[in-house]
Amino acid sequence: MPASRGSTYTIANLIADRLAAANVELVFGGHGAAASPLITAIVQHPRLHWVLVRNETAAPFAASAYAKYYRKLGVCVTTSGPGAAYTVCGMVDALADSVPVLLLSGLVSRSNIGHEGFQDTRTAQLMHGAGVQFAKAPMTADRFLSLLDSAIRFALERSTAAHLAIPVDVQTSPSDESALARLPFHIAEVPRCAAVSVEHAGRLLLGHRVVILCGLRAAQARCSSTILKLAETLCAPVITTLDAKGAVDEHHPLVLGVDGIFGNPGMAAPRALVSTAECILAIGVDRCDPVVLDSTGQQQVRVFGVDDTLATRLQVYYHVECMLIDPELEALLSALTASVREMQSKRMLPPGPQQARDYSSRLWKYFLDGEWRERQASLPSSPRRAAVLSKTPHAMVTGRRSMLDTDDTADEGDDEVRGFCHPRHLLTALSAKLGPDDVVVVDIGDVTIWAGLCLCFDGQGTRLLSSINMGSMGYAVPAAVSMGVSLKRRKSEGVVYLITGDGGFEMAEQELGTALQQGLDNLVVIVLRNGVMGRVRFGNTGVAGDEIILPDLQRLAQAYRMGFARVQRPAEAPAALESALAAQQRGDARHSFLIDLVESPELKAEYATVESNRVPVLRLIAEYLPTEALTASDMELLSIFDLDNDGLISPEEMRIARQVFDSFIMVHRQRQRMDAESAGETEDVAASAALSTEDREYLLQLLRSGDFFGCIASQKLLVEPLESSPDSNQSPVKVYNLHPHAPQPPGSRARALGSVRNLIEGKIPSVEALSRIPIDSQDYIAGFELGTVDGRPPETMGEAIIVHGTAYCTLTGELPAATSPATSDGTSNQQQSPAEAPEAPPAEYYRTVRGRYLSSVAFLGMPQGAVPDFYVSYEAPGVQLPTGVQGTNAGSKKIPAGLPWSRVLNDLYLQTGTTNPLFFYGIAEFSHFTATAISRAPVFNENVIANRHKYYREPNLITGSQPAAVVGLLSVAEAIEDEAFRTALDAHLYRGYFQLYADRDTVDASPEQQTPQDGHVADQGDHSCHTCRLMALQRIRSELQQHPSLLLSHTHALALRRPVQHLGDIEPDVVWRAVHLLANSCVTKVHMSVHVVRGLDALESGT
């Protein structure tokens, strides 16, 4: 019951009673005549506590912090005029962070409104213009209770800011006290989530690469263990927004910390995982642009939401495939975990994603293969984990999540001599001291980044509060005071740690007076003082006027009756923290404390400086490759040096890579020297140890052509061991059986000519005889491999493909005398042929031509009349390639959308359920297209591997947004029982090539070739370059050959200038180039027909 207030019950009393009924405890604000009746009613109310701030700017910040922490309505009160105007920043801050805050501001009396008198301001219009949708000024006491309830419900149900500007004479107007009993306060209840919706969400998530993102409401729900159980079930890494830090135990091996702050991209591992994730499971999140959107602002990933309020804005900003809402967030997450586990058990598969996997981001291997479980077993079980002061368990794999992973003995220059201390020394020590009831309030600036990097919470209840979306400097002091008051009134032992910088502290240090007046003894203020506004200075160029001089903080602390310690050296940090904690444990003598940490003004806070303990690849290969020209595809190819398959390049692996680079440079310079000598030149081309631009471009070409480790580079993505067939509902690749009533697909017989194996080994029995065997393209639905058209000589044979009765070939010939540099899309301009090669005229070299009759020495085709057995369809959600010229965004380094080609083929093979080879053809659209084409016809009985430089002179074709027709063969040779059939297939697949390369490399490693030359080569004390290369090759081969089944594919593509719907729509002006497609290309759309191959009919006579 409301307390007695005299003879008249006023609107002010009504407001106070209704706030108490809405479970409000604290009201923050500044005083003034226009709000005096309302403030008096609040002070007199037994269930409300009035907190007088020193400046009204602090009131909404304090109310917002209270609302964020307790998930209640935050209330602030100000007077008219400047009092209300001061609150605009804080109200917009609450609006941006989706926090329920109600501002009640006074107005001059109604008779004075509109006369532009003293403090006569249109406050409601001011707030409405700032974005506060519910901003009203009631001019009568009639129906006031209804309007007040609407404002409270609007703020709570929509989790936003609301405002009422109340004239002072309305506040004193009489009101009906009985209305409170007749109209009890209530808000809408959130309905329970249906079980079928939970099951549907689990089905969509299962088997995909999922990243769990925790937001504010996940932290408010305090369900760390439940979130981690879901993450463990999905093998999903977990990241958090800054205000959700502490929502989960950050020592868990699946938790990667905060994913970036204030536009900083975050650490490499979390960003790489987010960039290559298929699904984002957002728990209690409103906005997550850095995680969901690409650089152009387009959604790049599927989004699923879990929340406990209808006020979530996730569906407003993004396309959300499934949104689960339940008032009990923990129960909802438990139900989702149980649903996923049940589906996993029904499929008789171990926990974790079981779908055929794409390792385009090798970091996923750590999660998808369950390696994180080994790290989890080694974690201490103590709630206050001892590991907090040591290196995080899985930093070697996933990269540093925090400054905890930094070596404590790392050199910090002369900072200590100059009297500066790195913030990590204090903040990492603080991490080990945090209790479950403690609150960390962080201001805006470099301090925010330091907190995100250096603090590590254990998910036992510690919370972090900050101004997330507005980035309001000065937020932390009033927010910390708010939390201090609330904890003190609840008799909590929790401590409020305020972490601020020079600028933020100076903006609101007067609020320490509020803390003094409230008798707060539970504050520990940490000022990171560097004398500048860090984010302004380090985030921009040419900055001036950002210096800050603080008063004597020791005397300031004494004035506010606080303890004090200054930290200028790393060794002083633990002692200062112990002194602060001791001040919190003195019973009646307990008092607040201020720590002044002096840091270097040159110390920049940024995520980019926090690197993996593994050596960054780009930094180490910069000496060898033109890093500015490297694409995402090139980085994929560098995974060939990841010899232990842990997803990263270690220093030892990089040493081997450098020796491999050196060996090729040595050979390249030997060839240059011989060419110079044959031309009568005497210049020593290998005199310089430094690599030239030409050397780097040569190595990049070798990388793209696969010449470092032969075909292994393009095959690694296709040789992962096959797993149990995925549920067709789980795979995004849809495979339809065109003979559903037949006991097994009838299949078809393909036609074959020659052998790719013989071609590579240089053992073609008769080039002329094979090339004369007529191949009429109109007799085939599709076909591919090597050839030339319309009677051209065998010396012009190149990559060939038949689609819809027409043959297309990329012609080859002798190397033209004058070459043109490669174009920006990775292709080469047309080149002139030498006079001694008239069979390859300049206009035709490396040009794709069409014709009816194909001459070939190696060919595989599906004859007309054959009936397909399956139809394959896949379209990436929300991805549409730009129309227009092929190869757009060719130089983009963005990780592409869609699925890798290897993943599509893997899912195709698994879902057909057959052990026979599959012949496929159709139309596809690629977001990242990587291909190669032989540049010299392999018809001279030369070993192609031994003469790679002759046969792959042109750089790989690397484009984006590329439509193409595709034709190919897919098989697991070990599954074919018929040895003759298996041998015939081996002739057209890359099976057995590893041994070919091994044989050739053994020859290459002869003693005379192992002798290091002057110049840029490996140390002579080590193994020779070729020996190291052989060792690396042997490790790769042993890994590949131990798999029980290797999925191998040979795919050709006809790159098109614009998309077409069907193979029959391909016109001459649409065709661009016939190429060999590499497995790391990414496809966004594919429609193919598939034949089960029951046998091969040889086109050669007498076979």
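Taking packing as the residue-averaged number of other Cβ atoms within 10 angstrom, the listed peptides 550-558, 1052-1060, 44-52 run from highest to lowest as 1052-1060, 44-52, 550-558. Measure off 7 Å from each Cα along the Cα-to-Cβ vector at SER579 and GLU321, then give the distance between these two points in nanometres to one decimal. About 5.6 nm separates the two model spin labels. Is the C-alpha gyration tensor of the stretch 75-131 telling us rounded, prolate or oblate? Criteria: a/c under 1.5 is rounded; beyond that, a/b larger than b/c is prolate, otherwise oblate. Prolate.
Three principal axis extents describe the C-alpha atoms of the stretch 1-124; from largest down they are 42, 41, 22 Å. Site pair GLU328 and LEU550 shows an inter-label distance of 4.7 nm when each label is modelled 7 Å from Cα along Cα→Cβ. Taking 29 Å as the cut-off for C-alpha to C-alpha distance, list the pairs among LYS365/LYS433; LYS229/LYS488; LYS433/LYS488; LYS72/LYS136 that go past it. From LYS365/LYS433; LYS229/LYS488; LYS433/LYS488; LYS72/LYS136, over 29 Å: LYS365/LYS433; LYS229/LYS488.
First measure r as the distance between the Cβ atoms of ALA338 and SER492, then evaluate 1/(1 + (r/R0)^6) with R0 = 30 Å and state the FRET efficiency to the nearest 0.05.
Efficiency computed from Cβ-Cβ geometry: 0.30.
Here MET470 and SER766 are evaluated by their C-beta separation; at R0 = 51 Å the FRET efficiency comes out at 0.05.
Computed from backbone phi with θ = phi - 60° and the Karplus coefficients 6.51, -1.76 and 1.60, the 3J(HN,Hα) list for the stretch 77-83 is 10, 9, 7, 7, x, x, x Hz; x is used for glycine and proline.
Extension gain, ALA571 to ASP978: 0.36 nm times the residue separation minus the Cα-Cα distance gives 139.2 nm. With the Cα gyration tensor of the stretch 46-117 giving a ≥ b ≥ c as the square roots of its eigenvalues, does the rule (a/c under 1.5 for rounded; else a/b larger than b/c for prolate; else oblate) give rounded, prolate or oblate? Cα axes put the stretch 46-117 in the prolate bin.
Bear in mind these aren't lab numbers, they're just calculated from the coordinates by the rules spelled out. None of these values were measured; they are calculated from a predicted model. When we count neighbours, we look across all protein chains shown, and the Cβ atoms used for this are built from the backbone with ideal geometry, even at glycine.
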